[in-house]
Amino acid sequence: DTQALSIVVVAVPSVTTASLNNGTVGSGYSDTLAVTGGVSPYTWSVTVGSLPAGLSLNAATGVISGTPTASGTSSFTVQVSDANAVTDPQALSITVTTVLTVTTTALANGEATVAYNQTLAASGGAVPYTWAIVSGALPSGLSLNAATGTISGAPTASGTYTFTVRATDSVSATATQALSITVVAAPA
């Protein structure tokens, strides 16, 4: 008496998410963990560490969502368990930053033909920042260092010059600020 048997070989579950998006304090966050192999349904959990404050993990869908309430980097391990109770862990992290803001609201006046040096400042976001003039223009003779935010040089003509600066952080968040520099004529 012979009986035909079949064996189904199923690959073990494997978390394929290697990194997660960064978040911003006070802004909605959502990212989805992914798995291959194993037998559904899957169950997700955080087994080591914790998610950033304000975020939670949906055990059935693998969606991490919520609104972060504090800045910093949270490192943790997620684990997926399939229908056969086979598990796979994955170490991950989420960096939460505060909203990027240009904190310079005014610049010192300059004098024609006299050296000028002022540095723009920003807060929040993920450093380093890069700087650009996005509208208007600096006084002739002055330039903006994109890496340091320093406006320097020697202005060549008097007048009031209005322009908008933009700071861009390392995760491409941006903030702008309208500014002006008044250049007075050099004494006769």
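Data table
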quantity: Options Gly72, Gly62: the member that is touching a Phe, Trp or Tyr at 6+ places or on another chain (Cβ under 6 Å) and of a type in the set (Gly, Ala, Ser); calculated: Gly62
quantity: Restricting segment 88-106 to residues that are of a type in the set (A, V, I, L, M) and surrounded by fewer than 19 Cβ atoms within 10 Å (Cβ to Cβ), the residue that is farthest from Thr43 (Cα to Cα); calculated: Ala106
quantity: Flag if Leu5 is over 31 Å from the mean Cα position of the chain (by Cα) and either modelled with pLDDT under 90 or closer than 29 Å to Thr174 by Cα (or both); calculated: yes
quantity: Number of positions in segment 68-81 that are part of a loop (DSSP other than H, G, I, E, B) and either modelled with pLDDT under 95 or loosely packed, with under 15 Cβ neighbours inside 10 Å (or both); calculated: 3
quantity: Number of the condition not met by Ala85 [criteria: (1) open to solvent by 30 Å² or more (accessible area, probe 1.4 Å); (2) part of a strand (DSSP E or B)]; calculated: (2)
quantity: Any pair with Cβ under 9 angstrom, 6 or more apart, that starts in segment 99-125 at a residue that is more than 23 Å from Val171 (Cα to Cα) and among the β-branched types (Val, Ile, Thr) and ends at one that is open to solvent by less than 60 Å² (accessible area, probe 1.4 Å) and modelled with pLDDT of 95 or more; calculated: Thr105/Gln177; Thr105/Leu179; Thr113/Gly141; Thr113/Ala154; Thr113/Pro155; Val114/Ala154; Val114/Pro155
quantity: Pairs where the first residue, in segment 39-60, is closer than 18 Å to Thr16 by Cα and modelled with pLDDT of 95 or more and the second is of a type in the set (D, E, K, R) and surrounded by 13 or more Cβ atoms within 10 Å (Cβ to Cβ), C-beta under 6 Å, 6+ apart; calculated: Tyr42/Asp82
quantity: Leading residue by the ranking (farthest from Thr87 (Cα to Cα)) among those in segment 14-41 that are β-branched (Val, Ile, Thr) and outside any strand (DSSP E or B); calculated: Val25
quantity: Leading residue by the ranking (nearest to Ala59 (Cα to Cα)) among those in segment 28-46 that are hydroxyl-bearing (Ser, Thr, Tyr) and open to solvent by less than 50 Å² (accessible area, probe 1.4 Å); calculated: Ser45
quantity: Enumeration of residues in segment 150-188 that are assigned to a loop (DSSP other than H, G, I, E, B) and without any contact (Cβ under 8 Å) to a residue 40 or more places away in the chain; calculated: Ser172, Pro187, Ala188
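The values are calculated or read from the model by the stated rules, or taken from the named source; none is laboratory data. From a predicted model like this one, the values you see are computed outputs, not experimental measurements. As a convention, Cβ positions derive from the backbone with ideal geometry for all residues, glycine included, and neighbour counts pool all protein chains shown. We work out accessible area using only protein heavy atoms, side chains counted, and drop any ligands, DNA or RNA first. Shrake-Rupley method; radii C 1.70, N 1.55, O 1.52, S 1.80 Å.
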